[in-house]
1. It is to be established whether one or more residues within the stretch A:14-25 are surrounded by 23 or more Cβ atoms within 10 Å (Cβ to Cβ), farther than 25 Å from B:ILE152 by Cβ and more than 10 Å from every other protein chain (Cβ to nearest Cβ).
2. Taking the options B:GLY361, B:GLY386, B:GLY377, B:GLY320, name whichever one is free of Cβ contacts under 8 Å to residues at least 60 places away in the same chain, out of contact with any strand residue (DSSP E or B) (no Cβ under 9 Å at 6 or more places or on another chain) and at positive phi.
3. Only one of these is within 11 Å of another protein chain (Cβ to nearest Cβ) and surrounded by 15 or more Cβ atoms within 10 Å (Cβ to Cβ): A:ALA235, A:ALA213. Name it.
4. Out of A:ARG30, A:ARG45, I need the residue that is within 11 Å of chain B (Cβ to nearest Cβ), farther than 20 Å from A:HIS226 by Cα and among the basic types (Lys, Arg). Which one?
5. Just need a number here: residues in the stretch B:219-238 that are surrounded by fewer than 17 Cβ atoms within 10 Å (Cβ to Cβ), in a loop (DSSP other than H, G, I, E, B) and either within 14 Å of chain A (Cβ to nearest Cβ) or modelled with pLDDT under 90 (or both).
6. In the stretch A:56-105, which helices (runs of 4 or more DSSP H) lie fully inside it and hold 3 or more residues that are closer than 12 Å to A:LEU10 by Cβ and away from chain B (no Cβ under 14 Å)?
7. From the set of residues in the stretch B:158-203 that are modelled with pLDDT of 95 or more and among the β-branched types (Val, Ile, Thr), which is nearest to B:GLU215 (Cα to Cα)?
8. Among the numbered criteria (1) under 18 Å from the mean Cα position of the chain (by Cα); (2) within 14 Å of another protein chain (Cβ to nearest Cβ); (3) surrounded by fewer than 24 Cβ atoms within 10 Å (Cβ to Cβ); (4) not hydroxyl-bearing (Ser, Thr, Tyr), which single criterion is violated by B:GLU150?
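The values are calculated or read from the model by the stated rules, or taken from the named source; none is laboratory data. Here the structure is a predicted model, which is why all the values come from computation and not from measurement. Glycine also receives a Cβ, built like all others from the backbone with ideal geometry; neighbour counts cover every protein chain displayed.
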Amino acid sequence: MSATFTVGWLYPDLMNIYGDRGNILTLTRRAEWHGFEPRVVELGRGASEQMDDVDVFFFGGGQDREQALIYDDLREFKQDSLRRAIDGGAQVLAVCGGYQLLGHYYQTADGQRYDGIGLIDVRTEAGKKRFIGNVVVVSEIKGLSPSTLVGFENHSGRTYLGKQAKPLGKVTRGNGNNGSDGTEGCMQGGIIGTYLHGSLLPKNPHLADYLIAAALRRRGVDALSHLDDSAELAAHGWILQREQRR
Amino acid sequence: MIRKTVAVVAGKATRSLSRLTGRGGGTTLPGDVARIIDPQILTRLTQDLTQGSVVITGTNGKTTTARLVSWLLEGAGHRVVANRAGANLIYGVTAAAISGAGADGRLRADWGVFEIDEASLPRAVAEIQPKSTLVLNLFRDQLDRYGELESIAKKIEGALRSLPDNAHSVLNADDPRVAEIGLNLSRAPTWFGLDDPRVSSKTLPHAADARTCPECGASLVFDAVYVGHDGVYHCPNGHFERPQPEIAATDIELNGFESLAMSVAGTPIDMPLGGLYNCYNVIAAFAAAQSIGLEPAYIADRLRTFKAAFGRQEHIEFRGRKLVLVLSKNPAGFNETVRTAVELARGQNFVIGLNDRKADGTDVSWIWDVDFEMLKGKAKLVIPAGVRAHDLAVRLKYAGVTAEAPQTDPGKALDLLVRCTGEGDTVYLLCTYTAMLDLRAELVRRGWASPYWET
């Protein structure tokens, strides 16, 4: 029997706009193709069991109404287990609303602050204009090949990184974290936060494998098998080409 | 008055020019021009209607439902003006009203039947003052353009609240977010819905938006799911439940994309439209028609001979192949057209078309919420097409569906279709809006279809 690979999906019912299921499908299918038995643990409201088994957590974006509904639950049921899992070597991919909630706070246009759970050293403030469109990022993850990431952003929050968080990369198309410092996303101790959806992982299979490999390292897995990613990289390359022409 | 006439004449001239120069059907530009000359032109023109207007909004089904309502009114001897080509922003509606006006600038019609983009509803309702407003459903659609579902729902609620007491609101009881709107209105709406557990499932599809109780935030419990998150639901803590629909469809029978049958309060309906999602469009049109005084027996009789709108469910003969063109523009819609094609029509050959132009939505993330897994083991031929064909190819790969190489050029997609199928084969073309236009334009260029504004 092959070893299992477990994806922990935070609030699959409430935080799943923008086709976040694509990230889950990519992680599970690729884990399967790499020879593992994939499993998805759905971590809805009130759930905190099995979080220690999770290899990669996914935390997507939600609409304001749904985001308000998970706010207390995140603190009450998820925060401690999440911190423990990350300390143990689990990886986290947080997109958009999930990214913001893992930071220190989100500040609305009228100055009201909503505290995040502070797992990453970032803060977010509401901006006037919504950033919407395709994004190309040159990643700062060492050894990632290709070095580019492509996705679609749709956010009005402006996220700024503190000293402990490193940017996921630099934008060459689109706005990224805040539209001013040229950064997109963040990396800090096993957590990747980003505004990219599209979904992110299907067109960036190298990032999916990076997350899978990083999570499996604590279980003594050194390298993943080679997969035929021609379809994924063709879709990736098509976006690169079109955005460069614009 | 003179201003109105000038605006109408200028709009009409724009329409003729637009067609002569081959710039398409001229379905919105005349509206732009006329509104510059007279910003109140739409209000003035709709005041000329002898009976009034019906306005139709919602994420899915607007065009088909509007066409159904027009069909019913026309059959009863009314002159109807309608925005038929899916041009559903305020400019498209204005252009439609202008096309129905005479040289004196007066709109010569009894009824206006207008499909309205969800975000444009407040403005449209303020200008048109409809007798009856129909809200079909609220699904996740084109978030890049509209912002979030919640803000759309609030806009629709505001628009319905602004209507005078003698105006009807006709709402889908099965859609939790639409029901929430209706329950907040001071004047009770007319509720419609489906009531046939045999055609329901028990679980929500992946595309379903989170539906929670407006009172306590608990996730709603579904006793029946018909389309997307539309079904029979209640709050587990007893705060909120599906309103009882007074106009409900029972005894539903589905026959592929060909026909459907249902019963509405004892009136049997049998008509040439397919798919469960069209049951909603038919029951909605039925409810709207009744709200403005048409008789159930007449409605049922007239529906028998209905013809679907361009691209919604169009049949085109192409080099011996039978093409079935079905517009599929968001997860809820796509799931229903795939389901209908696979389960009801037993379809085996598919072209899936995805574009990311403004009218399609520039964000294609939503394809990951469509259950393309339904094609696995059932489809013999799947051609990913459209500007974003490569994204579709990846989506299909992760769904475990074997597909051909992606075809971003519509001509090459059609050539491949011919190579991979034989004469007499049926091929389903499930496409987003402009991907459909592109494939259709190629079929027109090759002489197999007529331009869309003539259908």
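1. No: the stretch A:14-25 contains no residue that is surrounded by 23 or more Cβ atoms within 10 Å (Cβ to Cβ), farther than 25 Å from B:ILE152 by Cβ and more than 10 Å from every other protein chain (Cβ to nearest Cβ).
2. Going through B:GLY361, B:GLY386, B:GLY377, B:GLY320 in turn, the sole match is B:GLY377.
3. Just a single option satisfies the conditions, and that option is A:ALA235.
4. A:ARG45
5. The number of residues fulfilling the criteria is 2.
6. Ranges flagged: A:79-87, A:97-102.
7. Among those residues, the one meeting the criterion is B:ILE181.
8. Evaluating B:GLU150 over (1) under 18 Å from the mean Cα position of the chain (by Cα); (2) within 14 Å of another protein chain (Cβ to nearest Cβ); (3) surrounded by fewer than 24 Cβ atoms within 10 Å (Cβ to Cβ); (4) not hydroxyl-bearing (Ser, Thr, Tyr) leaves (1) as the failure.
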